[in-house]
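The values are calculated or read from the model by the stated rules, or taken from the named source; none is laboratory data. Predicted, not measured: the structure shown is a model, and the values here were computed from it. All Cβ positions, even for glycine, are placed from backbone atoms using ideal geometry, and neighbour counts span all protein chains on display. We work out accessible area using only protein heavy atoms, side chains counted, and drop any ligands, DNA or RNA first. Shrake-Rupley method; radii C 1.70, N 1.55, O 1.52, S 1.80 Å.
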Amino acid sequence: MTTPQCLLDAEKAYVVSPAGHGKTHIIAEAVALNPLLRQLVLTHTHAGVDSLRRKMKNQGVSASSYHIETIAGFALRYSSSYPKISGVNCLKPSDGQEWNQVYEGFSKLLDNRHIQDIIKASYQGMYVDEYQDCTEQQHNLIVQISDLIPTRLLGDPLQGIYDFGNNTIVDWTIHVEPDFEALPELDYPWRWDGENKELGEWLSNVVRPAIESNQPISLEKLPSTVIWKQLPNDPRQYEAIQKSVCNETLKNNGNAIVIYPHGERESQCVNFVKGLPKPYQMVETIDCKNLMKTAKELFETKGFARALVLIDFLGMCFSPISSVSVLSTLKRNFKNGKIGNPRSNVELASSLQDIVGDNSLKSILRGLEAFYALAGLKCYRRELYRAMCNSIQEFDTGKYESLWDAAWEVRNRTRQIGRKIPRFAVGRTLLIKGLEFDHAILLDADALDPKNLYVALTRGRSSLTILSRSNVINPYKNLTKTK
């Protein structure tokens, strides 16, 4: 098995690491071996950034010994810092085409001798985590950097789940193996070491080999910490079972992730979280389209129209019925050109009057805070809610032309420094890959393709609950489904 020293000494190499086999841990150990050699550590998601930071902190690695960032964030930071060389004129990319321009601009920078000198002076080596998620365009950038500083790639081809839309992710045998030295595979399931070896061995010795050899997975003989519950064919009944399992998990110690089928629309996931108990929170996408759309509408409207936009936004973030009834009353009044007077909350009524009466965004912030203070409400999209509050506060600094610009900066900062996942969270595999939890619940294992199924099955450390219609899961039947 690859050791931290072996990884540190490598000039241009890769390591395959199954889920939970200590990939981020060995990166932290390798960086710690020589703190004077500052390392660039890149990954793909803000959740991955947070995970790497925590591993570094747990290992006692000095913050001066590394810089952690997403590949997208790193490329954007350099491209926007040298716009004349990169040719990048879109400093706030929001779609695939604009991000492609950022990557193309960064590639131009990496061909520039002065930028090469800056990279070499700033870092003495690079680690790229979750390499299986690199697009071909990102891979080409990594290859350019690998010509400047020692580069080590860590990943698992079985967890490459970002091949959707226009993304074409790396083919391990075509892009990685020919140009990088193969180091020994990480072969011990550290995530389950000690208290749950049985689960780790089942995932390593039964689940992974079955998926790699295109075989179905039997759930007849399971470790003691794995629970299988059969879902009925009637969707109306199986949602009740799903919610019942989520409720039971609240009694456990530690944190939990409820994994919603990745192929479903975000709105379906939102509706499911809305019906769960208060501790459960939705894991938001990094681009957070609801935030950006609402920020634009709030900035471009005024008076009653602006108040209606705020009311709709509050409806996105809060439940249960009590909040819906309050919002419905407010919306009906505002559509009729009446402010109304919600007797349950004078502060909310006052802030809505301010929104109608002036053009200040501070009154919107007051409205957000007043509604949050209402008793008995559940803010099940707290990340979205807080991002809007932070965006208004950011806009108030006077640095931005619009609230959309401020909201983009808030999310970009999250992209760069990472975020914390709620203790009880609901998300799709795309948003929680690379993270580990005490407990994991797969709401519909039958709906997952092989790679998404493997990612989902390997998230739980202490317990795993699998819901499916059959005790034999055949993920290969889902390969032809649209992701």
Checklist entry - In the stretch 149-201, carbon and sulfur make up what percent of the accessible area (probe 1.4 Å)? => result 47
Item to check | Semi-axis lengths, Å, the stretch 32-164, gyration tensor of Cα atoms, sqrt of 5 times eigenvalues | outcome: 23, 19, 13
Item to check | Dipole of the stretch 147-276, positive end: most advanced residue of ALA182, ILE257, TRP192 [Cβ charges, Cα centre] | outcome: ILE257
Next on the checklist: How large a share of the accessible area of the stretch 1-92, in percent, is made up of carbon and sulfur atoms when the probe is 1.4 Å and the other protein chains stay in place?
Outcome noted: 54
Item to check | Rounded to the nearest 20 debye, dipole of the stretch 373-483 from Cβ charges on Lys, Arg, Asp, Glu | outcome: 300
Item to check | Residue-normalised accessible area of the chain, expressed per residue, 1.4 Å probe, Å² | outcome: 43
Checklist entry - Taking Rh as the Kirkwood radius computed over C-alpha pairs, what is the Stokes-Einstein D of the stretch 208-308 at 20 °C in a medium of viscosity 1.002 mPa s, expressed in µm² per second? => result 122
Checklist outcome for this item: Given unit charges at Cβ for Lys, Arg (+) and Asp, Glu (-), the dipole magnitude of the chain about its Cα centre in debye, nearest 20, is 2020
Checklist entry - Restricting attention to the stretch 386-446, which trypsin sites (Lys or Arg not before Pro) occupy a DSSP loop and are surrounded by at most 13 other Cβ atoms within 10 Å? => result LYS399, LYS420
Next on the checklist: For Cα pairs less than 8 Å apart in space and 6+ apart in sequence, what is the mean separation divided by the residue count of the chain, i.e. the relative contact order in percent?
Outcome noted: 21
Item to check | Candidate values (1) -0.41, -0.68, -1.14; (2) -0.37, -0.61, -1.10; (3) -0.48, -0.73, -1.08, label of the one derived for log10 I(q)/I(0) by the Debye sum over Cα atoms at q = 0.07, 0.09, 0.12 Å⁻¹ | outcome: (1)
Item to check | Whole-number percent relative contact order across the stretch 85-213, with pairs defined as alpha carbons under 8 Å at least 6 apart | outcome: 19
Next on the checklist: From the Cα trace of the stretch 143-263, what convex hull volume per residue do you get, rounded to a whole Å³?
Outcome noted: 197
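Which GluC sites (Glu not before Pro) in the stretch 152-247 pass both tests, a DSSP loop state and at most 15 other beta-carbon atoms within 10 Å?
GLU185, GLU195, GLU220
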Checklist entry - Nearest 20 debye, what's the magnitude of the dipole of the stretch 196-264 about its Cα centre given +1 on Lys and Arg Cβ and -1 on Asp and Glu Cβ? => result 160
Item to check | Dipole axis of the stretch 1-94 (+1 Lys, Arg; -1 Asp, Glu on Cβ), positive-most option in VAL31, SER79, VAL16 | outcome: SER79
Next on the checklist: Out of all DSSP beta bridges in the chain, what portion is antiparallel? Express it as a percent rounded to 5.
Outcome noted: 10
